[in-house]
Every structure is written in C-alpha cells, then in structure tokens.
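Just so you know, all these numbers are worked out from the coordinates, no wet-lab data involved. Just so you know, these numbers come straight off a predicted model, no measurement behind them. Note: ideal-geometry Cβ built from the backbone for every residue, glycine included; neighbour counts use all protein chains shown.
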C-alpha cells in the first residue's frame, strides 16, 4: 500500500483500467456474477471498536482509493447490466495453503518479522503507547485458506441474488491480535525468541482495526476457521532459509 503513494499511476492503471477491461469482457461474455477482491484499506483509519460495512470509507493512499473506486465501478456495472456482484473487503491476509504457495515477499508484518529473525536481528514494534491492552496496535488477521473459502461462499450466495444486486462484505476473523502478541507468537512458532525493539510510532497507524463479521455470517454463511497460530505456522513452513 505504501508503494502506491510513489507510483499512483501504476495502481490506478492496474486496479481501475484493468478492472474496467475485465468487466467489459465479463459483460460481453454474458457472465452473470462477479466477485471483486477489495480491501479494508477503503476504510482508512476508522476510530471504531469494530469496523462494519457501514463504517465511512476514507482511504488514505492510492491503493485504498483504487479499491474503493473499483467497488463503485463493479456496482455500477452490475446495476447497468444485471450482474450479481460481491465486493469482499479483505483485512490482513496471512498464512499459506501449502508451503509451495507461501508468500515470501516482505510486504506485511509476518514475513517482515520472519526476515529479521532469520537475519538474527530484533523484530520492530512501531509504538507501544497506543490505547490498547499492551500499548501496541491491534489488527485483524485472516488466513488465506479462509479467504479462499469466503470467495467460494460469495459465489454460492450470488447464485440466489437478484440480478443487479451487490453484496459488500468484510472478510476478517473478528478477533484482534496486537503487534506484540503476534511477534511473541512468531517467536514461539519459529523457536527464535528474539525480543522486539520498540521504535516511535509511524504516522497514520490507527490503534485498532478489527472487522465486524456479522454480515459475512449472515449473507455468506461463512466464518473464519483458522487461528493466528495456523497462519504463522503455515507461512513459516514455506519461508526460505528457515
């Protein structure tokens, strides 16, 4: 997401123009359902205990902006052409279905901590004075396997939807895990046990972002099954040089 600030044209081209081309092909082919991979980044920095689908959207970077604009485009196309559509707002995705499919890119907290531990240096915590139980930021993590099952559930739900109808659904676990808790868990799973170092807060980090999953349970008959330990264990099994 941070990269989108420096290369916004790429993100708008890929996430908006690419989506427009795909939707045009979808309509031309007579496909009647469409599921969009959206993001909790559409919410920006919500100051709420649980983020619901009616929480105001205020994206803070081009990535979030393009995801929100993509939702608008999908819904408009659905209304105009009778597509049944679903916009799935992912929270923080982690884990791997199998080790061969593990994400080894260092772009989110789990591989970032893995990289530092395998290099023998302390993981980093940006701020420990937030209004949370242990002072570190709290986030909602969702296993990639649960995410895949949510897509299948959305596709099933759309078969019973009215043409032109849209489902907008948070895809998260509904449970918050603090940065310190997650690093402690990663240390335990990896057996590294390197204490983190605390650095100043990063600008723009909200204290808590956790999904309300009530709509997912009702509209999709779906709930996350896997735990943070499952996420870390499966990701570590595919980590190179562990």
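Please build a GNM for the chain, connecting alpha carbons under 10 Å apart, and tell me which residue among 199, 36, 220 fluctuates the most.
The residue with the greatest mean-square fluctuation here is 199.
Specify the residue with the greatest mean-square fluctuation among 203, 111, 46, computed from a Gaussian network of the chain linking alpha-carbon atoms under 10 Å apart.
Top of the fluctuation ranking is 203.
Semi-axes of the equivalent ellipsoid for region 22-155, please: Cα gyration tensor eigenvalues, times 5, square-rooted, ordered largest first, whole Å. Please report the intermediate quantities before stating the final value.
Values: eigenvalues 213, 80, 32 Å².
Taking √(5λ) for each eigenvalue gives 33, 20, 13 Å, largest first.
At q = 0.14, 0.15, 0.17, 0.18 Å⁻¹, what is the log10 ratio I(q)/I(0) for region 124-242, with the Debye formula run over Cα points and no solvent?
Log10 of I(q)/I(0), two decimals: -0.72, -0.80, -0.93, -0.99.
Percent relative contact order of region 3-237, based on C-alpha pairs within less than 8 angstrom and at least six residues apart?
After rounding, I find 27 percent.
Using 7 Å Cα-to-Cβ label points, what is the residue 24/residue 195 separation (nm, one decimal)?
Placing both labels 7 Å beyond Cα along the Cβ direction yields 5.9 nm.
Working out 0.36 nm times the residue gap between residue 54 and residue 133, then minus their Cα-Cα distance, what length gain in nm do you get to one decimal?
25.8 nm
Which value in Å does the Kirkwood hydrodynamic radius of region 3-237 take, with 1/r averaged over all unlike C-alpha pairs and then inverted? List each step's numbers first, then the result.
Working: mean 1/r = 0.0531 Å⁻¹.
After inverting the pairwise mean of 1/r, the radius is 18.8 Å.
Return 143, 193, 81, 13 ranked ascending by Cβ neighbour count within 10 Å, so the fewest neighbours appear first.
193, 13, 81, 143
Could you calculate the FRET efficiency of residue 32 with residue 148 from 1/(1 + (r/R0)^6), where r is the beta carbon distance between them and R0 is 25 Å, rounded to 0.05?
It comes to 0.70.
Which of 39, 54, 173 ends up with the largest GNM mean-square fluctuation for the chain, with Cα atoms connected below 10 Å?
Looking only at 39, 54, 173, the largest GNM fluctuation is found for 54.
Taking the Cα-to-Cβ direction at residue 108 and at residue 9 and moving 7 Å from each Cα, how far apart do the two end points lie in nm?
For residue 108 paired with residue 9, the spin-label model returns 3.0 nm.
Rounded if a/c is under 1.5, else prolate if a/b is larger than b/c, else oblate: which is region 169-230, with a ≥ b ≥ c the root eigenvalues of its Cα gyration tensor?
It is oblate, given that a/c is not under 1.5 and a/b is not larger than b/c.
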